[in-house]
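Asks: The following block contains the structure, expressed as structure tokens.
The values are calculated or read from the model by the stated rules, or taken from the named source; none is laboratory data. Model, not experiment: these values are computed from the prediction. Note that we place each Cβ from the backbone using ideal geometry, even for glycine, and neighbour counts take in every protein chain shown. The protein model used for the area step is the full one, side chains on, heavy atoms only, and it has no ligands, DNA or RNA in it. Shrake-Rupley method; radii C 1.70, N 1.55, O 1.52, S 1.80 Å.
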Amino acid sequence: MKVLKFGGTSVGTPDNLRKVKDILAAGQPEKTVCVVSALGGVTNLLHACSDLAAVGDESYEASLAQIEARHLDTIKELIPVKSQSVIFSKIRILLNDLEDIMKGIYLIRELSPKTLDKVLSFGEILSSNIIVDFLNAEGLKTDLGDSRVLIKTDNIHNNANVDFASTNKNITDYIPTAANLVVCPGFVSSNAEGVTTTLGRGGSDYTAAIFAAALDADSFEIWTDVSGMMTSDPRQVAAAHPIEKLSFQEALELSHFGAKVIYPPTIQPVLDKKIPIKIKNTFAPEDAGTTICEDANGDKQFVKGLSSVSDIALLNLTGSGMVGVPKFSFRLFKALSEAKVNVIIITQASSEHSICVGIDKKDIEISQAAIAEEFQLELSLRKIDPLEVETGMAIVALVGDKMREHVGIGGQMFSALGENGISIKAIAQGSSERNITVVLEEKHLSKALNVLHESFFLSQRKRMNLFMIGIGNVGGTFIEQIKKQYNYLDEFENVDLRIVGIANSRQMLFDIDGIDLADWKGQLESKGEKMAPQVFVDKMVESNLRNSIFVDNTANAEIAGLYEGILRKSISVVTPNKIACASDYDTYVNLKSTAREYQAKFYYETNVGAGLPVLTTLGDLIKSGDKIQKIQAVLSGSLNFIFNSFKPGVKFVDVVKQAGVEGYTEPDPKIDLSGVDVMRKILILIRESGLKFELDDIVSESFIPAACMDTKTNDEFYASLEQHDEVFQKLVSDAEAKNCRLKVVATFDKGKASVGLQEIPKDHPFYILEGKDNIVLFYTNRYQDQPLVIKGAGAGAEVTASGIFADVMRIANS
Ligand code: ADP
Ligand code: ASP
Ligand code: MG
């Protein structure tokens, strides 16, 4: 004996119904009960239509016509013309009844729960009649079992309670007398007087479970439009995937907290009989689907799924006098229960000074009234404060039988949410420890589900969302690197790296699904909007995407000024822009502590030595307890390039211009040549060593004549360098005469720092520093005699971009 249930989408169109027929035919000749829903969307249409009629809106007639056409068209498409007449007349009679009832509602302007049940029952009655005739026409001998007669309930309309004694008897009496294949409408039932009742929205699943349990079915299958119960709602989490096996309790918790694929009461009847439930996909019958059974936890996955409920309101009852109020919780729940309010979660602080319950927002008013009445006396005596109501909330539940065997799941959940700036309003853990439930603001729901899904289903990809300002030399190269590396990261690192926002100084462009990198420049030009940095940040914050990273590839002070606000939104910042870390010490420290406080990352490895791992190495030394004694470094790739290329007979200005063309200088070459760039770098190294230091504390001897430095534009600067060329020629010839090379060296020793041009003799490690290379020597307590040396290309778009890339990946992997 088999019981199958097909949901609304499965029976929604003639094509889909043919798939249902194939599935049923494949199961023959086993005795089969097939429970069917209304044609997809029809229950909602019936509801909307009767609501219109009840307020006297004549347009109910148009909705009704739509419902009629839907059924008549299905017959025309599905059943051969020669067999159509019988079913047409049956359906016409039903539709006429429906029309009369609607007319009645329209005339009386009243829609009682009893009438609503009658109206909604037409969905399943119509669909089951059509399906039976279709199956018979296709040669499958099928009977129609009337669930209204078989399933008996109490008088609670719209959500009736089943009388199992009479129902089970009716089913076990009837089914053996019927054909091998019996189609029964889901959702509908009747009370002792034979008045139609329904089992609640989504109730066809329950109908099928009632049949399966009554008949001790060998197998019970729910056929729907997804390949099983998924790790999360697939409409919210694109990476959700079907769960192979679930225990009855896990399925119960997931469905209670919103996994719509199964109606929660469904599980109880089959749980008592331990009949496994299979969830299968009508449109992909070969997919394994999900099995819900008793022993489902042989595998290692301890978090099985995530589910959520929206439209939640939190009721907070507080008061200093609460401790002494007798039976306080009891009275609260009694009041809510008598008002028929479903309490979805409860949390209570151990101080007992407050209690907080989560309810559906539609129940706010009746709850307020019920509580006000119950605690009238205490409220008037101010033992209890007036009820606080918070709306716009959602519940997210993490479910798994084996969660109790693992410590730290709550911590992982809270930190994943915290790192994404999502605050938790209330927490509840079921005493079974099978679920951990949090309440958060509904506006964060989709982000929260995705963040948690990535955190607990590790095999899944992690989506990173980059927002990037500055797409010139370095930024443009970075984008090209991402483009080349995207597939590799996706396949081997499980990181889905998307650029969601880009901007230059004129235009900005956003696409929350990720900008198509094939033609990002063209799109920025054609589709971009006018750039305004604060607007860019606002849009980034509003889009509220998980794992967002702000990448600043500019050298701009205004953009650096935005970091604090960004970090406060728990968005990480990655930048080669040195301005923030090299401005006053308080700003630097404040940014680092803001990042820590808001659980965001602030990474700027490329501030010193481009892609060389200078800051991470220094950070590792300090964290492991080492102390810096001395730093000696050539930190300017541009100056090194310039002095390596500058030979007697060549004009200094031409070398400077060449460095610019190759992308080795800052946009303003004076920043490099004045030594300011090097000062900023040594300052950052000193600060990262753990010392309080300011730019003014660094002694700098410039080799550039003051007149050159006083120029305004790059062109004026170049002209002035040309005028003063003999100064530079003298520097180089003096050095050559002593067999030395010129290097701009930054030194930090005994608490003092300086930057200046030095003549480096042949035996010094700085002498053979090629091209645009940097070198840093760290003398520390552990590296006393032989310094720790980091050397390599220290400027250039490729290496800088790859350093930014490394920072981004460090965040992705954290
Ligand atoms: P039916 O009409 O077949 O009863 P429903 O629409 O009631 O189907 O339920 C199936 C839908 O439930 C899916 O299409 C999916 O969008 C939604 N859903 C929500 N949460 C989950 C989940 N965790 N797993 C699978 N589906 C889910
Ligand atoms: N047709 C009903 C509803 O849409 C019952 C069901 O499909 O499960 O709620
Ligand atoms: Mg359903």
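Asks: Would you mention how many residues in the range 239-255 are touching a residue at least 60 places away in the same chain (Cβ under 8 Å) and of a type outside the set (D, E, K, R)?
Replies: So the count comes out to 7.
Asks: Restricting to the range 789-814, name every residue that is surrounded by fewer than 21 Cβ atoms within 10 Å (Cβ to Cβ), outside any helix (DSSP H, G or I) and touching a Ser or Thr at 6+ places or on another chain (Cβ under 7 Å).
Replies: Correct list: Ile790 only.
Asks: Please determine whether any residue of the range 442-452 is surrounded by fewer than 20 Cβ atoms within 10 Å (Cβ to Cβ), among the basic types (Lys, Arg) and at pLDDT 90 or above.
Replies: Yes, that holds for at least one residue.
Each row is one residue, and each column tells you yes or no for (1) touching a residue at least 24 places away in the same chain (Cβ under 8 Å); (2) open to solvent by 30 Å² or more (accessible area, probe 1.4 Å); (3) under 20 Å from Phe766 (Cα atoms).
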{"position": "Leu612", "(1), (2), (3)": "yes, no, yes"}
{"position": "Asp620", "(1), (2), (3)": "no, yes, no"}
{"position": "Gly649", "(1), (2), (3)": "no, yes, no"}
{"position": "Val653", "(1), (2), (3)": "yes, no, no"}
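Asks: Quick one: is Glu68 farther than 15 Å from Ile131 by Cα, out of contact with any Phe, Trp or Tyr (no Cβ under 9 Å at 6 or more places or on another chain), surrounded by 17 or more Cβ atoms within 10 Å (Cβ to Cβ) and acidic (Asp, Glu)?
Replies: When the stated conditions are applied, Glu68 passes them.
Asks: Which of the residues that make up the range 392-415 are touching an Asp or Glu at 6+ places or on another chain (Cβ under 8 Å) and either more than 29 Å from Ser308 (Cα to Cα) or open to solvent by less than 50 Å² (accessible area, probe 1.4 Å) (or both)?
Replies: Gly392, Met393, Ala394, Ala397, Val399, Gly400, Asp401, Met403
Asks: Contact list please: Cβ distance under 7 Å, first residue in the range 677-695 and under 11 Å from Ala746 (Cβ atoms), second residue of a type in the set (Ser, Thr, Tyr), pairs at least six apart or on different chains.
Replies: That search, which allows pairs on different chains as well, returns Asp677/Ser636; Val678/Ser636; Met679/Ser700.
Asks: List every residue pair whose Cβ atoms lie under 6 Å apart, where the two residues are 6 or more positions apart in sequence or sit on different chains, the first residue falls within the range 195-207 and is within 13 Å of Val119 (Cβ to Cβ) and within 15 Å of ligand 1 (Cβ to nearest atom), and the second residue, located anywhere, is assigned to a loop (DSSP other than H, G, I, E, B) and open to solvent by less than 10 Å² (accessible area, probe 1.4 Å).
Replies: Thr198/Phe187
Asks: A follow-up question, please. Tell me, yes or no, whether the range 602-609 has at least one residue that is surrounded by 17 or more Cβ atoms within 10 Å (Cβ to Cβ), over 34 Å from the mean Cα position of the chain (by Cα) and either of a type in the set (Gly, Ala, Ser) or not in a loop (DSSP other than H, G, I, E, B) (or both).
Replies: So far as the range 602-609 goes, yes, one or more of its residues are surrounded by 17 or more Cβ atoms within 10 Å (Cβ to Cβ), over 34 Å from the mean Cα position of the chain (by Cα) and either of a type in the set (Gly, Ala, Ser) or not in a loop (DSSP other than H, G, I, E, B) (or both).
Asks: Could you list all residues from the range 580-601 that are of a type outside the set (Ser, Thr, Tyr), open to solvent by less than 40 Å² (accessible area, probe 1.4 Å) and closer than 23 Å to Lys539 by Cβ?
Replies: Ala580, Leu591, Ala595, Ala600
Asks: Do any helices (runs of 4 or more DSSP H) lying entirely in the range 1-85 carry at least 1 residues that are of a type in the set (Asp, Glu) and closer than 22 Å to Ala137 by Cβ, and which ones are they?
Replies: It comes to 14-27, 60-78.
Asks: Still on this structure, I have one more. Might you check whether a residue that is assigned to a helix (DSSP H, G or I) and surrounded by fewer than 21 Cβ atoms within 10 Å (Cβ to Cβ) occurs anywhere in the range 628-638?
Replies: No; the residues of the range 628-638 include none that is assigned to a helix (DSSP H, G or I) and surrounded by fewer than 21 Cβ atoms within 10 Å (Cβ to Cβ).
Conditions (1) under 27 Å from Gly803 (Cβ atoms); (2) at pLDDT below 85; (3) of a type in the set (Ser, Thr, Tyr); (4) buried (at least 20 other Cβ atoms within 10 Å of the Cβ), marked per residue:
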{"position": "Ile424", "(1), (2), (3), (4)": "no, no, no, no"}
{"position": "Ser459", "(1), (2), (3), (4)": "no, yes, yes, no"}
{"position": "Val474", "(1), (2), (3), (4)": "yes, no, no, yes"}
{"position": "Glu480", "(1), (2), (3), (4)": "yes, no, no, no"}
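Asks: Of the conditions (1) more than 27 Å from Asp584 (Cα to Cα); (2) part of a helix (DSSP H, G or I), Val650 satisfies every one except a single condition; which number is it?
Replies: (2)
Asks: Any chance the range 245-257 includes a residue that's of a type outside the set (Gly, Ala, Ser), farther than 24 Å from Ala214 by Cα and within 16 Å of ligand 2 (Cβ to nearest atom)?
Replies: Scanning the range 245-257, I find no residue that is of a type outside the set (Gly, Ala, Ser), farther than 24 Å from Ala214 by Cα and within 16 Å of ligand 2 (Cβ to nearest atom), so the answer is no.
Asks: Go through the range 258-300 and report how many residues are under 26 Å from the mean Cα position of the chain (by Cα), open to solvent by less than 30 Å² (accessible area, probe 1.4 Å), free of Cβ contacts under 8 Å to residues at least 60 places away in the same chain and away from ligand 2 (no atom under 16 Å from the Cβ).
Replies: Here the count works out to 1.
Asks: Take Gly660 and tell me if it is modelled with pLDDT under 95 and open to solvent by less than 10 Å² (accessible area, probe 1.4 Å).
Replies: no
Asks: Okay, next question. For the range 699-723, which residues satisfy the criterion of being open to solvent by 40 Å² or more (accessible area, probe 1.4 Å) and in a loop (DSSP other than H, G, I, E, B)?
Replies: Ser702, Asp710, Lys712, Thr713
Asks: Additional query: Would you mind finding the one in Val323, Val389, Val341 that is aliphatic (A, V, I, L, M) and open to solvent by 60 Å² or more (accessible area, probe 1.4 Å)?
Replies: Val323
Asks: Pro185 - would you say it is more than 31 Å from the chain's Cα centre (by Cα) and under 24 Å from Leu398 (Cα atoms)?
Replies: No, not satisfied.
Asks: Read through the list (1) within 16 Å of ligand 1 (Cβ to nearest atom); (2) in contact with an Asp or Glu (Cβ under 8 Å, 6 or more places away or on another chain); (3) not small (Gly, Ala, Ser), then give the number of the only condition that Asn191 fails.
Replies: Of everything listed in (1) within 16 Å of ligand 1 (Cβ to nearest atom); (2) in contact with an Asp or Glu (Cβ under 8 Å, 6 or more places away or on another chain); (3) not small (Gly, Ala, Ser), Asn191 misses just condition (1).
Asks: Quick test for you: out of Ser227, Ser247, pick the one residue that is more than 7 Å from ligand 1 (Cβ to nearest atom), at pLDDT 95 or above, crowded, with 20+ Cβ neighbours inside 10 Å and closer than 24 Å to Asn450 by Cα.
Replies: Exactly one residue qualifies, and that residue is Ser227.
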